[in-house]
Amino acid sequence: MADTNLTSADSLEKKHKTKTIPELLCGPFLRKVDKTQAIIWFVTSAEHKYSVQLKQQSHKLSFQQTLQNIQIGSQCFINQIHCKVEDSWPLNQNIGYQIEKVVNGKKHKLDLTSATLNGESSPAFIVKDKLSSVIQGSCRKPDHPAPDAFSTIGKQLNDGSLTRPDYLIMAGDQIYADDVAAPMLVACQYLSKKLGLYSATHELGAVSKQQLDWRYSLFNRSTLFPKKQDQSWFAKFWHGDNIVSARHHENHLIGLDEFFACYLLTWSSQCWSLVYEQTLEAKVQLKANQQTIYQNELDHLTGFIESLPLFAQVVANIPTVMIFDDHDITDDWNLTADWEEHIYGNTITNNMIRDGLLSYTLFQGWGNCPEKVEDLIEQICELSKSKDFASEEFTEVIHLHNQWHYSIKTEPAIVVLDTRTHRWRSETSTKNPSGLMDWERLEQFEKHLFKPQNSVLVVSAAPVFGVKSIEVIQKACELLGKELLVDVENWMAHQGSAKKLMEMLRHDSAPDEVIILSGDVHYSFCFSAMRRFSSDTDKIWQLTCSGFKNEFPQGLLKFFDFIDRFLYSEHSILNLFTKRRKMEIEHHPLLSRKGKHERHLHSQSAAGLVTLNEKGLLAEYRLISGQGETHLFDLNEQ
């Protein structure tokens, strides 16, 4: 197991003075795994013919494999190996894997000892005939002061107190492209130079490469973005004239190479080893007041970096699926039609969104479901040959791509929704929030939902059944024209999409249980919903966990928790005025160690552990916090 006990900045600096670029830069990640296939993703500093060897106990498994790699820098290659078997993998058995390369006709094993769990000889995965547990969450912000929940997950997997879950579901905000800590931006640029990361010349527009250099743009990137030009004096006064609406975009990623580097630094301690010393030394070039901010952010990043070996162990041994939310690209992404009109109508911001999607494709989307992004991967491969990813044709193609959603053929099935690029725009005003999915995509989701099945796991970045008191405040801000201030991004914010979704969930053809897994909101809760005035026992579970490394202000959350239980209790007449009025919503509290009920909303950084019974129905839901604590929700009706 990797040493994760170093905590001081001094010891970290000594540890990360590596000058030689390691061959394995990031990963391996286990991605999509089902009974007939397994995908392994990793990043290397050199191009080789890589292959995977799979073993069940001491027996080598026979299977077909395909290697694809894409060069994104002079010393940076993204590799993905797709393994397929005709019948099925051995079920409910530990399958170890080893990555090998061929050099001068000889095979050499990559050193994966740091990626192994609990003293095993290699990283491994288990293919279950039926899912018994999944772990889920979202919102992993490297510089947030909250501890990373992956630290606890990794430790518990190693000491045996946590049985390895069947899947890891990362439901959005795997990186924070808009809200970037100053040391992270500095590290991104140093890593880009170190690895010779390619970019796209188009993203600069009227902004020069020198202006993007951190020495000139740190804490000041908001001034590089264009302003709205078509605003009346009232609109400018009330709504502002910023095209980029992220509240904290002083260090927003702009260059494509910065997106690449941000992923590598969010996922890999090896990459930090190449740039940590330079990142530390950069502070002396800043003004005195900036040095204080820089050092505080670096202190938080130091703890995050030390936890990365544990994160690497988790993703190397648990199949992982991902989907974007807004911060993977930029805050408020496609929130309103007015937002879209201004962002996509400007060259700089349009290309920034495009490059965020390109990096998402390579680092997240490719491993989710390769066949859905095959056309994009082919074009990205061609562009990489020129060492410049700029292309007007590809820009149009990726903006029009409509296959980010996908499903995993497990039992029960995992259906992952794209709630960002298929918005149902408001019919009343371009400034009103768009629905999270349009009619066509909801119809497609309905086909998945109405298949014969006991249950289904639905991944929606934003909760379907949220905290009503907070949604009411969001609605009030929307009416005041401040929809961007409080991120009015809930399913009930749009009449059409809310009505269609509620009809689907209430339909007789829906499964016995629909288990919705969500994040986004930076707090965690467990709600359930049933049809009012019906003898049917079908149930909808809303299991929300957020963030892996992010938190909602605790005092404010306690207030909302009290208000929500007081105003929107089970028999409150106010429920009649909500879009979910035909559903009976139950708030399930946390249980304390003494067996007593605590509050319903939890703000600690955490991951959600979902346990299923043999029928695929929810058996238990607990939180594993970054502080090392475990919190259990009471699933019984109150």
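The table below gives the values:
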{"read-out": "In order through the stretch 46-63: 3J(HN,Hα) via Karplus (6.51 cos²θ - 1.76 cosθ + 1.60), integer Hz, x for Gly, Pro", "value": "9, 9, 9, 8, 9, 9, 10, 10, 10, 10, 10, 6, 9, 9, 6, 8, 9, 6"}
{"read-out": "Sorted by Cβ density within 10 Å, fewest first, the residues C271, C545", "value": "C271, C545"}
{"read-out": "Burial ranking of peptide ranges 42-55, 318-331, 489-502 (average Cβ count within 10 Å, highest at the top)", "value": "318-331, 489-502, 42-55"}
{"read-out": "Positive-pole candidate from N158, N432, I343, dipole of the chain, charges at beta carbon", "value": "N158"}
{"read-out": "Nearby aspartates and glutamates by direct alpha-carbon distance to K55 (threshold 12 angstrom, same-chain neighbours under 8 apart not counted)", "value": "none"}
{"read-out": "Order of T395, T430 under a 10 Å beta carbon neighbour criterion, fewest first", "value": "T430, T395"}
{"read-out": "Student exercise, the stretch 22-128 dipole from Lys, Arg, Asp, Glu Cβ charges, in Debye to nearest 20", "value": "140 debye"}
{"read-out": "The chain: calculated mean residue ellipticity at 222 nm from DSSP helix runs of at least 4, using -39500 (n - 2.57)", "value": "-9000 deg cm²/dmol"}
{"read-out": "Lys, Arg +1 and Asp, Glu -1 on Cβ, resulting dipole of the chain about Cα centre, debye, nearest 20", "value": "900 debye"}
{"read-out": "Amide proton proximity set for V459, modelled H, under 5 Å, gap of 5+", "value": "V415, V416, L417, L517"}
{"read-out": "Total formal charge among the other residues, if their Cβ is under 15 angstrom from that of H48, Lys/Arg +1 and Asp/Glu -1", "value": "+1"}
{"read-out": "Given charges at Cβ of Lys, Arg, Asp, Glu: the chain dipole, positive-most of F29, G255, N242", "value": "F29"}
{"read-out": "Exposure proxy order (Cβ contacts within 10 Å, fewest to most) of D520, D512", "value": "D512, D520"}
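Every read-out reported here was derived from the displayed coordinates using simple, explicitly stated rules and does not represent laboratory data. Nothing here was measured: the structure is a model prediction, and the numbers come from that model. For neighbour counting, all protein chains shown are included, and Cβ atoms are generated from backbone atoms with ideal geometry for every residue, glycine included.
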